[in-house]
Amino acid sequence: MKQRTSRPAAGRSGPNNVSVPFLDLKAMHAEIQAELDCAWRAVTSTNAYIGGSVLDRFEGEWAAYCGRRYCIGVANGTDAIELALAASGVGPGDEVIVPANTFIATVEAVIACGARPVLVDIDDRTLLVTADHIRAAVTSRTAAVIVVHLYGQPAGMDEILAFTEPRGLLVVEDAAQAHGARWHGVRAGALGDIAAFSFYPGKNLGAFGDGGAVVTDDAAVASRVRALSTHGVTGASRYHHGVVGRNSRLDALQAAVLSVKLARLGGWNAARRRASLQYGRVLAGVKDARPVANAPEAESSHHLQVVRVPRRDAVRTALADRGVETGVHYPVPCHQHEPYRAFAEGPLPVAERAASEVLSLPMSPHISAEQVMEVCSALREAVEGQVGRAS
């Protein structure tokens, strides 16, 4: 699931008065610039820009990191979900259960492979899909469930798998925001049958453009993903097209960037965790800034630092006036977008309420303790001001 950062209103914040950026990619890249230069030279010296040893190396590294046997690099996270579904046999006539609180790409991918998305509500504490939501939506046409690990938090996989496995339902992990997250010590990507990742630049593991990957332990499914993503090539010859495919490849330059960044991912995630813990401690006394809960079995990758606040848009404007950039993930649940209204059976009240309240605070491996304090101070002032105004 791809994540985009929505910016403060025009005129409220800009490059000259931002004191705390939402995500500081410049600091991250400055730290590894020499390694990136070396990695890019390794690609340009080989002439292998599509495929080749650099891509092979990253695919092996990412498969090993996730605890999977196979990794196939693809063009983006949306393609990763679609290809995971299609290679697993999901298509026309099938239904796929999807939480309404996700980036629209998750739903787009289901429709792209010819299946029908069934949008369901979410848990009020974690804002993630649960086994109960899935159970209530299953029909005789249900072929798969997409479990979205949102904000860096893994969903409650024990109960989900206990329900899906006896029924033979495919479980696809949308792990676009969960690079390095764990559930009971098992990394996101190794929890379901197959998983899709995005390497959009703002992710915990991000490329210098679009990119994605599918990981699985199933050799036949992995072969189908690779064929579908490379013009349907199924034989030794690049001009033997055994299936109808497409062009969805991760190029070698992006793979080189990702290999460099993967070596830093553990440290960067640990830095995010420290910042998240500081946010939690400082904001504990702000009763109208409610953090999104994390299950005790989960180890978040802290991709986003999300709180729920009343009068969110006014609070966000006040923060922008203080030079604090924020995001909203997401302001409209999927079933309330015009093209997707038919895919939900009635209102989904938790997702709808959350969409009006969620606010993503600045988060990156390089955010300082002083910046976190500045954000918390501005948030406290903004929330208390809005609550007082409403009372």
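Going from the residue with the fewest nearby Cβ atoms within 10 Å to the one with the most, SER237, SER300 rank SER237, SER300. Pairs of alpha-carbon atoms within less than 8 angstrom and 6+ residues apart define the contacts here; what relative contact order does segment 265-385 have, in percent? Dividing the mean separation by the residue count of segment 265-385 yields 39 percent.
Say R0 is 41 Å: what FRET efficiency, to the nearest 0.05, do HIS231 and ALA284 get from their beta-carbon distance?
The pair HIS231/ALA284 has a calculated efficiency of 0.15.
Taking label positions 7 Å along the Cα-Cβ direction at both ASP217 and SER19, the computed distance is 5.1 nm, reported to one decimal. Most mobile of ARG308, ARG246, ARG322 per a Gaussian network model of the chain (Cα springs, under 10 Å)? Maximum among the listed residues: ARG246. Using the Cα centre of the chain as origin and beta-carbon charges of +1 (Lys, Arg) and -1 (Asp, Glu), tell me which of ALA275, ALA80, VAL332 is placed farthest towards the positive end of the dipole. Working it through, the farthest residue towards the positive pole turns out to be ALA275.
Relative contact order for the chain: 24 percent, from Cα pairs under 8 Å spaced at least 6 residues apart, divided by residue count. Percent of Cα pairs in segment 265-385 per distance bin of 5 Å, from zero to the largest separation: 2, 11, 19, 21, 18, 13, 8, 5, 2, 0. For segment 172-243, the residue among ILE194, HIS184, VAL243 whose Cα projects farthest onto the positive side of the dipole built from Cβ charges is VAL243.
Using +1 on the beta carbon of Lys and Arg, -1 on that of Asp and Glu, and nothing else charged, what's the dipole of the chain about the Cα centre, debye to 20? Please list the in-between numbers first.
On the way: 39 positive and 40 negative charges, 110 e Å.
That gives the chain a dipole magnitude of about 520 debye.
Per residue, the convex hull spanned by the Cα atoms of segment 273-339 measures out at 142 cubic angstrom.
For LYS26, the aspartates and glutamates whose Cα falls under 17 Å of its own Cα, not counting residues fewer than eight places away in the same chain, are GLU35, ASP37, GLU325.
Across segment 26-259, the mean sequence separation of Cα contacts (distance under 8 Å, 6 or more residues apart), normalised by length, yields a relative contact order of 26 percent. Computed over Cα pairs, the Kirkwood radius of the chain leads via Stokes-Einstein (0.890 mPa s, 25 °C) to a diffusion coefficient of 114 µm² per second. Among CYS38, CYS66, CYS376, the largest mean-square fluctuation in a Gaussian network model of the chain (Cα springs under 10 Å) belongs to CYS38.
Summing charges over all other residues whose Cβ lies under 10 Å from the Cβ of SER301, with Lys and Arg as +1 and Asp and Glu as -1, gives +4.
Filter the GluC sites (Glu not before Pro) in segment 311-391 down to the DSSP loop ones having no more than 15 other Cβ atoms within 10 Å, then list what survives. Passing sites in segment 311-391 are GLU345. Could you please state, rounded to a whole Å, how far the C-alpha centre of segment 201-261 is from the C-alpha centre of segment 18-88? Using only Cα atoms, the two centres lie 11 Å from each other. About its Cα centre, segment 26-259 has a charge dipole of approximately 500 debye under the convention of +1 per Lys or Arg Cβ and -1 per Asp or Glu Cβ, with nothing else charged. Counted residue by residue at 0.36 nm each, then reduced by the alpha carbon distance between them, the extension gain from GLU345 to ARG116 reaches 81.1 nm.
Here each label is just a point 7 Å from Cα along the line to Cβ, and for GLU381 and SER140 those points are 6.3 nm apart. Between ARG167, ARG273, ARG187, the GNM of the chain built on Cα springs shorter than 10 angstrom shows ARG167 fluctuating the most. Residue ranges 203-215, 285-297 sort as 203-215, 285-297 when ordered by packing (mean number of other C-beta atoms within 10 Å per residue, highest first).
I'm checking a number: the convex hull volume of the Cα atoms of segment 26-259, normalised per residue, in Å³. What is it?
Convex hull volume per residue, Cα atoms: 120 Å³.
Computed from the coordinates by the stated procedures, all read-outs in this text should not be read as laboratory data. Since the model is a prediction, treat every value here as computed from it, not as a measurement. All Cβ positions, even for glycine, are placed from backbone atoms using ideal geometry, and neighbour counts span all protein chains on display.
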